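Everything on this sheet refers to the single structure shown next.
The values are calculated or read from the model by the stated rules, or taken from the named source; none is laboratory data. Model, not experiment: these values are computed from the prediction. All Cβ positions, even for glycine, are placed from backbone atoms using ideal geometry, and neighbour counts span all protein chains on display.
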Amino acid sequence: MKSNVIKLATSRRPKSYTTPEALIEEVRRGIFGDKFGYKDIADRCKVSTTTIHNLASGKTRWPRPTTLFPLLQTLGLELRIVKKDPK
């Protein structure tokens, strides 16, 4: 059975995640590690500060794509979804 892999590329080596939960946890780490505050991140993503806070705190478990993709871009992350090579 083939499984899909979610790859998140940064300036470092790309990381692979096999679950959406792991991807969202990486986004949370990106929010906490960003040199700007929640308000700055929210302004750059064009979402509310509450949205960023809820995502970072885990209150929001599954952000909408319209929130996730601008957030990834703001944090300097790139999302690639690829099929895992069969072995």
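Just a few scattered comments:
- The helices (runs of 4 or more DSSP H) found wholly in the stretch 15-87 and carrying at least 3 residues that are touching a strand residue (DSSP E or B) at 6+ places or on another chain (Cβ under 9 Å) occupy 20-33, 65-74.
- Scan of the stretch 27-38 for residues that are over 15 Å from THR67 (Cβ atoms) and either among the aromatic types (Phe, Trp, Tyr) or surrounded by 14 or more Cβ atoms within 10 Å (Cβ to Cβ) (or both), ordered by number: PHE32, ASP34, PHE36
- Residue in the stretch 7-23 that is over 12 Å from the mean Cα position of the chain (by Cα), loosely packed, with under 13 Cβ neighbours inside 10 Å and at pLDDT 75 or above present: yes
- Residue list for the stretch 39-56, restricted to those being of a type outside the set (Val, Ile, Thr) and buried (at least 18 other Cβ atoms within 10 Å of the Cβ): ALA42, CYS45, LEU55, ALA56
- Any chance LYS46 is basic (Lys, Arg) and modelled with pLDDT of 85 or more: yes
- Evaluated against (1) in contact with a Lys or Arg (Cβ under 6 Å, 6 or more places away or on another chain); (2) modelled with pLDDT under 85, GLY30 falls short on exactly one condition, (1).
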